[in-house]
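The values are calculated or read from the model by the stated rules, or taken from the named source; none is laboratory data. Since the structure is predicted, the reported quantities are computational estimates derived from the model, not experimental observations. Methodologically, a virtual Cβ is constructed for each residue, glycine included, from the backbone with ideal geometry; neighbour enumeration extends over all protein chains shown. All accessible areas refer to the heavy atoms of the entire protein, side chains included, with ligands and DNA or RNA removed. Shrake-Rupley method; radii C 1.70, N 1.55, O 1.52, S 1.80 Å.
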Amino acid sequence: EAQVTQNPRYLITVTGKKLTVTCSQNMNHEYMSWYRQDPGLGLRQIYYSMNVEVTDKGDVPEGYKVSRKEKRNFPLILESPSPNQTSLYFCASSFAGPGANVLTFGAGSRLTVL
Amino acid sequence: GEDVEQSLFLSVREGDSSVINCTYTDSSSTYLYWYKQEPGAGLQLLTYIFSNMDMKQDQRLTVLLNKKDKHLSLRIADTQTGDSAIYFCAEPKAAGNKLTFGGGTRVLVKP
């Protein structure tokens with residue numbers, strides 16, 4: 001089944017404890033992206049990647065890091081989480097290039113930072 | 001999503017039509033999208049429209065595009081309880097596949 005898999009789905013952590021949210025897709029997509037969803041603010045893009053070893057900042061990259069060493073994986077790293085990073089996170093992927101490139105989303109990772 | 005605007009909430013009776021509105025910013029957007037988010041799930045593409053079209057119909061869904069006013073709407077005919085969800089419009093921005101989403105419209109269908 002074609003899908004985007006995120007882990008963990010739920011996490012409660014404490015301020016300053018480094019964590020990684022993994023994202024993997026099995027559709028050979030070039031493009032991958034991380035969003036956070038907060039009430040009333042919709043989805044805001046954190047980072048995106050057009051292909052292996054190519055990453056770029058989205059609208060709200062502060063406090064986050066990403067890497068794209070393999071085409072299928074795009075982990076989101078919070079080096080020193082803070083309470084304002086409590087949110088629902090979504091990873092998404094699609095083919096790149098011209099045309100309507102439809103994003104496939106993961107099920108989401110709900111993160112709480114105490 | 002500060003550039004793409006949607007109303008926050010819509011309540012509709014089962015069997016009625018729902019209309020969700022969206023205003024976007026970039027008149028050069030080639031495609032405009034509607035995504036649906038059911039409770040506890042990620043977003044799924046509902047439909048999209050190419051910018052050279054005024055209307056697209058897909059079963060119970062009708063998308064209307066007014067490029068002059070940068071206005072996009074989604075009409076759901078014969079709304080059912082399974083249509084209760086958050087609906088997001090989205091437009092591509094700048095390079096690549098970057099999508100900017102609206103804040104989402106929560107649709108509540110009452111029996």
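Things to note:
- Complex-versus-alone comparison for segment B:31-64, residues with a loss of 50 Å² or more in accessible area, probe 1.4 Å: B:LEU43
- Solvent-accessible area of chain B (1.4 angstrom probe, protein heavy atoms only): carbon and sulfur portion equals 49 percent.
- Backbone geometry of segment A:91-107 corresponds, through the Karplus equation with coefficients 6.51, -1.76 and 1.60 at θ = phi - 60°, to 3J(HN,Hα) couplings of 9, 9, 9, 6, 6, 9, x, x, x, 7, 8, 7, 6, 9, 9, x, 7 Hz, x marking Gly and Pro.
- Inter-part distance where segment B:29-102 and segment A:22-91 are each reduced to a Cα centre, Å: 23
- Zone of B:ARG60's modelled label, taken as backbone nitrogen in segment B:3-46 under 12 Å from a point 7 Å along Cα→Cβ: B:13-18
- Efficiency of FRET from Cβ geometry, B:LYS67 and A:LEU11, R₀ 45 Å, rounded to 0.05: 0.55
- Note on A:ASP56 and A:THR22: their simple-model spin labels are 2.9 nm apart, each label 7 Å out from Cα toward Cβ.
- Buried on complex formation within segment A:39-83 (loss of at least 40 square angstrom of accessible surface versus the isolated chain, 1.4 Å probe, ligands and nucleic acids ignored): A:LEU43.
- Summed buried accessible area for B+A [probe radius 1.4 Å, Å², rounded to 100]: 1700
- Think of each Lys and Arg Cβ as +1 and each Asp and Glu Cβ as -1; about the Cα centre, that makes the dipole of chain B roughly 60 debye.
- Accessible area expressed per residue, chain B, with surrounding protein chains retained (probe 1.4 Å, Å²): 49
- Cα-projected label distance for A:ALA2 with A:LYS71, points at 7 Å along beta-carbon direction, nm: 1.5
- Histogram of C-alpha separations across the protein assembly as shown, 10 Å bin width, %: 8, 33, 35, 19, 5, 0
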